[in-house]
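A.B. asks: Got a structure for you, written out below as structure tokens; questions coming shortly.
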Amino acid sequence: GEDVEQSLFLSVREGDSSVINCTYTDSSSTYLYWYKQEPGAGLQLLTYIFSNMDMKQDQRLTVLLNKKDKHLSLRIADTQTGDSAIYFCAERETGGFKTIFGAGTRLFVKA
Amino acid sequence: NAGVTQTPKFQVLKTGQSMTLQCAQDMNHEYMSWYRQDPGMGLRLIHYSVGAGITDQGEVPNGYNVSRSTTEDFPLRLLSAAPSQTSVYFCASSSERARDTGELFFGEGSRLTVL
């Protein structure tokens, strides 16, 4: 079945770049996502990438997809204290609705 | 804009009690799902539904029941609560319309403690 793995913690200094990594198993996934969860709240979509793309940039966010290695990364440039949150990598099954999430990476931003 | 509404936000149960977590969405989404979130384990899919009258099991369905009698509502029932069901529960919905990306819209969560 599908499986999504990511490291649990990342700590960076304010102003530095953050890179959160994820590996997934379903090579046929059409959509891959990054969701953000702030304390005490539900998840919100941060960005997504189609499986036929290698890279997507959206302001401070850059998503890289390596389909050969089934590796997805999220880079946050100029990380701010407001970026402190849990970031979830997720993949959606092709032709369906089921979305499988990783365990989440907790990002700590030190001032 | 209500989006996805979950009730209750907090609940404490004793072992063996039953209860229902409510979820309602007003976006006419076909797909609804329930996840539980536990530390270090992320979100795990409990049950999901692709439309009224259709439900299916996710990764961790044991101890939970669902039904989907309307497009809007997708309640999650705990039949006989156990301490292992202490968790934060999230309801999420999505649509398959052509312009959509499959984004899941989440409720604010229901924190359940089973003593």
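The values are calculated or read from the model by the stated rules, or taken from the named source; none is laboratory data. This one's a predicted model, so the numbers in the text were calculated from it and none came from an experiment. Here the Cβ positions follow ideal geometry from the backbone for every residue, glycine too, while neighbour counts run over all protein chains shown. The area values use the complete protein model at the heavy-atom level, side chains included, leaving out ligands, DNA and RNA. Shrake-Rupley method; radii C 1.70, N 1.55, O 1.52, S 1.80 Å.
A.B. asks: For region B:102-115, what does the Karplus curve 6.51 cos²θ - 1.76 cosθ + 1.60, with θ = phi - 60°, yield as ³J(HN,Hα) per residue in whole Hz, taken in order and with x for Gly and Pro?
C.D. replies: Result, rounded to whole Hz: x, 4, 8, 9, 9, x, 7, x, 10, 8, 10, 10, 10, 8.
A.B. asks: Still on this structure, please answer the following. Where a Cα-Cα gap under 27 Å defines reach, which lysines qualify for A:K67, not counting those fewer than 8 residues away within the same chain?
C.D. replies: A:K36, A:K56, A:K98
A.B. asks: Still on this structure, I have one more. Take B:V12 and B:T101, extend 7 Å from each Cα along the Cα→Cβ direction, and tell me the distance between the two endpoints in nm.
C.D. replies: Placing both labels 7 Å beyond Cα along the Cβ direction yields 4.1 nm.
A.B. asks: Within 10 Å, Cβ to Cβ, of A:E14, how many net charges do the neighbouring residues add up to if Lys/Arg are +1 and Asp/Glu are -1? Don't jump to the answer; show the numbers that get you there.
C.D. replies: Working: positive: A:R13, A:K110; negative: A:D16, A:D78, A:D83.
Taking every other residue near A:E14 into account, the sum is -1.
A.B. asks: Additional query: Might you tell me the accessible area per residue for chain A, computed with a 1.4 Å probe and given in Å²?
C.D. replies: Values: 5390 Å² over 111 residues.
Result: 49 Å² of accessible area for each residue.
A.B. asks: Accessible area per residue for chain B in Å², computed with a 1.4 Å probe and the full protein assembly in place, what is it? Can you show the working numbers first?
C.D. replies: Details: 5460 Å² over 115 residues.
Here the per-residue accessible area is 48 Å².
A.B. asks: If you don't mind, another one. Over both sides of the A-B contact, add up the buried accessible area with a 1.4 Å probe and give it to the nearest 100 Å². Please report the intermediate quantities before stating the final value.
C.D. replies: Numbers: alone 6260 and 6330 Å², together 10850 Å².
The buried area between A and B, both sides summed, comes to about 1700 Å².
A.B. asks: For B:L115 and B:R77, what is the calculated FRET efficiency with R₀ set at 22 Å and r taken between the beta-carbons, to the nearest 0.05? Please report the intermediate quantities before stating the final value.
C.D. replies: On the way: r = 19 Å, r/R0 = 0.87.
For R0 = 22 Å, the calculated efficiency reads 0.70.
A.B. asks: Leaving out ligands, DNA and RNA, what percent of the accessible area of chain B is carbon and sulfur, probe 1.4 Å?
C.D. replies: 50
A.B. asks: Turning to a different aspect of this structure: Rounded to a whole number, what % of the accessible area of region A:32-111 do carbon and sulfur atoms account for, probe 1.4 Å? Don't skip to the answer; put the middle values down first.
C.D. replies: Working: 1770 of 3650 Å².
C and S fraction of accessible area: 49 percent.
A.B. asks: Ok, one more. DSSP loop trypsin sites (Lys or Arg not before Pro) in region A:25-96 with at most 16 other Cβ atoms within 10 Å of their Cβ, which ones? Before the final figure, lay out the partial values.
C.D. replies: Numbers: sites: A:K36, A:K56, A:R60, A:K67, A:K68, A:K70, A:R75, A:R92; in loops: A:R60, A:K67, A:K68, A:K70.
Listed in order of number, the matching sites are A:R60, A:K67, A:K68.
A.B. asks: Additional query: Loop only by DSSP, 14 or fewer other Cβ within 10 Å of the Cβ. Give me the trypsin sites (Lys or Arg not before Pro) in region B:14-115 that pass, ordered by residue number. Let's see the in-between values first.
C.D. replies: Values: sites: B:K14, B:R36, B:R44, B:R68, B:R77, B:R97, B:R99, B:R111; in loops: B:K14, B:R68, B:R97, B:R99.
Filter output for region B:14-115: B:K14, B:R97, B:R99.
A.B. asks: Name the residues of region A:70-103, by number, that are at least 20 Å² less accessible with every protein chain in place than in the isolated chain; the surface is that of heavy atoms, probe 1.4 Å, without ligands or nucleic acids.
C.D. replies: Residues shielded by partner chains are A:F88, A:R92, A:F97, A:K98, A:T99, A:I100, A:F101, A:A103.
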